[in-house]
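None of the figures in this text is laboratory data; all of them are computed from the coordinates on show. This structure is a prediction, so every number in the text was calculated from the model and none was measured. Backbone-built Cβ (ideal geometry, glycine too); neighbour counts: all protein chains shown.
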Amino acid sequence: MTRKLKLNGLKVFFLLFIIIFPFSFGNNSKNIESKYLEFSTLSYYQTQTCDISFFDFWRENIGNKDVIIRADFFSSIDCFGKVNGVDYLGESYNVYIGTNLNINLLLQSLFWILIISFIKLPRKEFSKILSLKKTPMINLIFISSLFTSQIFSESKFYTLYNKNVDTSITVNNYFVLSIFLALLIVLKISDDVITPRIKTIPNFVPYIFLFIGTYSSANINFYILYFCLLGSRNISFKTLKHRFTIFYIGLSILWILNQESINNYFDVDKIRGFVNSENNRLSLLFWIIVFYLLINGLVYIFDMSYSFIDFQNLRTNFLISGSLTVIFGFIGAFSSYFNFLNFYLFGLNKNGMTSLQSVTGNTWRGFSASAEAIGEFYGIAILISLYFIFKLQKVSLFQSVLIGINFFGLIKTNDAAVLISLILISVIFLISELSSSKKGAIKFLILFMVIFFFVLSLAYSILNPGISRDYDFLTENLLTESLKNSSYFESENLFMENLLSNSNYRDITYLEDYEEKLSGTTRFLLQNYISDNNISYIPSFSSILSLTSSLINRTDKWGMFVARYDPNLLEFMFGSGPLQYNNFYNSHSVKYIDGLILPHSSVLNTLLFFGVTGVLFCLFGALKIFLKTDSDVKYLLIFYILNLLKSDSVLYVSTFILLSFTVSICMKSIRENSA
Amino acid sequence: MDENLNTIEKICGTKPLDVEFTIIGNNPNFIFTPQNNYNIKTLYDIDGNIINVSSWLECANYVYGGWSDVVPGTINWEKNIFIAYVFIFSAYLVKKSFLNFFKIR
């Protein structure tokens, strides 16, 4: 016990060391002192860059509400953790703290690995069944080389985010050599610390929403790195001749052959760490391999650890993790210094919010990069808790407080879809549990669904007076939105506006530049809407889609998607490859839209990456799971899928891993039942 | 001149097609116009003076005049960090043998 306490004490010491030490060293040789930042000292800070440490600055500026701390990705190694620049923004000052990729890789990883090391090692008598052997060095070298190659394949991203990037292939290229070595060290330590605990790790999956794991200045995520290492262990003759692998290799060949290397850059923004930032064959190949290894690693580990999942423990971890994201989100909103530390230490994709004020759509994402993704996570934490309250008929005070915090987080995200699906799934579950017969349950379910959708429609009519009763508006809305986002509207176009306001869609098809200006998808919806083959009183496909998008408030986002999506036949059938946005964003010219606007539906993301084939594969896979699994986890999966239909959450590593985890539990239960 | 252009392009980026490289020299009346979509670059002279340039032409002229994007007389930090990592990795790999050695003693 004493030894264990000492060891934990040592770990805490190391954690504090990692947090404090790198950000405490100023330039001692110049003997420069930190000052309170105000207009009179602005020039002092602008000339004394790379001299004052972050903590020195903090000490002098406690309570300075005008300071906003930001990470300076483009810092040299010697300026790491120091004030690297100050911008005056009229009312506030942006203070940039230096971070550098060569250091980030090791420092951030050590922080996360130390946190994971607090998970108990299996006792010696269980270690044989609970532990895995260490990974061979050849795998470590392969994965390090693979991720180092990203510096070359996505050189535009790395040049933009890092100073002194050198993409020459020479023995003196210390930038690349140190990246390779840093990755090798990280993988070796991860293998020594995480691999012995790996079968109990799935019980701690919820914490990936707290420790996001994206490296500052990099397009890599810690979990992807480690799961790829596990995936490389799982490669054998058996996995290589598996039908999915053969199919994936076939698809990869198609994606590579169909790829047009126009080498443009895609601004990864909040999905950094899990998306291709460049359009070239090497980067496509990189993400094809990474995606395969990631899936292979996830399947390997979740399959192996199924029997060791403790669902009550998992529930508690969901609640604690959810509560901590709310608490750290608040701390980051109150203090800009903690906001920076949150960003760096938790590996956030994007800075957390700096105030408690809600933004667009009245949402508050707090700590997370996406309000929708974190809202879904709170929803899952609450759903699992309700399940256990129902099953065990008890709940502790501690759990009640945690549920309350998660619920508060959910309300702040303003994610109505989560709330509605939470009610829907809870009722479906209760009906199936409380009904004595299957027939009775189905009757109750139908009755509930009718009432549920009636109430929803009523609520929509009350909240959207006027438009909700205008059938023509609702059925044309998506088409109109996509036309408004087309290149016809690059500048003011009164003629086109007139056509749209009169719903004169047929005339648009007579325009000379119709095929050039509109994407294939917009043209398809347009033709479908005005087709003479449409049957009276039965809405066309285009109308149904538009009506659906209006009801779930997705018209503007889907409209932008429709305006842009212009695939060739191969792309439409098989997509552009995993995590490839470049083709979609750059192949068809549309009206200028500022910032990254994602499709806002995981179905549309799947369509982009894997085409119709991928969408059908997921659809039939989900159906198979619902029909065959007996596990109650299927309710969780239904909840997730309902929400993913209208959100991009699957593009975040945390959501992707949690979704894979949920699917793998269901699949495993099917296999166990059939065995 | 070609050799100069190579060095300039290495530091300032590829010469834009619509820009003619002319040597401005020390003309005090010439004002460099900032170039849209050009990322501001920091250049250093041999005395450690710093200048931020906001167009390819401005950058090219400074580089032609002997300025560079490398801070003069500074340490090669990438090389140092590489050596540090070699040391850390070696130490980590032999740590067990090292600890065992002292245990036995």
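Observations
- Counted as membrane-span-like here are DSSP H helices of chain A whose alpha-carbon atoms extend 18 Å or more along the helix's own axis and whose Kyte-Doolittle mean is 0.5 or above; these are A:2-20, A:101-116, A:174-193, A:243-258, A:281-304, A:311-334, A:371-392, A:397-413, A:416-434, A:438-463, A:602-628, A:653-674.
- Contact order normalised by residue count of chain A, Cα under 8 Å, 6+ apart, percent: 12
- Mean projected area of the Cα convex hull of region A:309-370, taken over all directions, amounts to 4.9 nm².
- Region A:378-458: translational diffusion in µm²/s, Stokes-Einstein, Kirkwood Rh over Cα pairs, 37 °C, 0.692 mPa s: 234
- Over 25 Å between alpha carbons, listed pairs A:350/A:646; A:394/A:443; A:443/A:646; A:82/B:95: A:394/A:443; A:443/A:646; A:82/B:95
- Dividing the summed -39500 (n - 2.57) terms of all DSSP H runs of n ≥ 4 by the residue count of the protein assembly as shown sets its mean residue ellipticity at 222 nm at -18500 deg cm²/dmol.
- Once the chain from residue A:626 to residue A:541 is taken as fully extended at 0.36 nm per residue, the excess over their C-alpha distance is 28.0 nm.
- Spin-label pair residue A:235/residue A:167, simplified geometry with 7 Å Cα→Cβ offset, distance in nm: 2.4
- Residues residue A:556 and residue A:445, FRET efficiency given R0 of 35 Å [Cβ-Cβ distance, rounded to 0.05]: 0.60
- Approximate spin-label separation residue A:462-residue A:516, in nm, with each point projected 7 Å along Cα-to-Cβ: 5.2
- Annotation: peptides B:10-21, A:301-312, A:281-292, ranked by per-residue average of other Cβ atoms within 10 Å with the highest first, follow the order A:281-292, A:301-312, B:10-21.
- Peptide A:184-192 has a mean of 2 when you count, residue by residue, the C-beta atoms of other protein chains within 10 Å of its C-beta.
- Segment residue A:138-residue A:501, length gained on full extension (0.36 nm per residue, minus Cα span): 124.2 nm
- Shape box of region A:108-306 [Cα atoms, principal axes, largest first, Å]: 56, 40, 34
- Ascending count of other beta-carbon atoms within 10 Å, so fewest first, for A:411, A:151: A:411, A:151
- Debye intensity ratio in log₁₀ form over the Cα atoms of chain A, taken at each q of 0.07, 0.08, 0.10, 0.11 Å⁻¹: -0.51, -0.68, -1.08, -1.30
- Using a cutoff of 8 angstrom between alpha carbon atoms and counting only pairs six or more residues apart, the relative contact order for region B:2-64 works out to 40 percent.
- Two-site label geometry, residue A:39 and residue B:22: point separation in nm, points 7 Å out along Cα→Cβ: 4.1
- Extension gain, residue A:145-residue A:531: 0.36 nm per intervening residue step, less the Cα-Cα distance, totals 133.5 nm.
- Peptide B:80-93 is shielded by partner chain Cβ atoms: per residue, an average of 5 of them sit within 10 Å of its Cβ.
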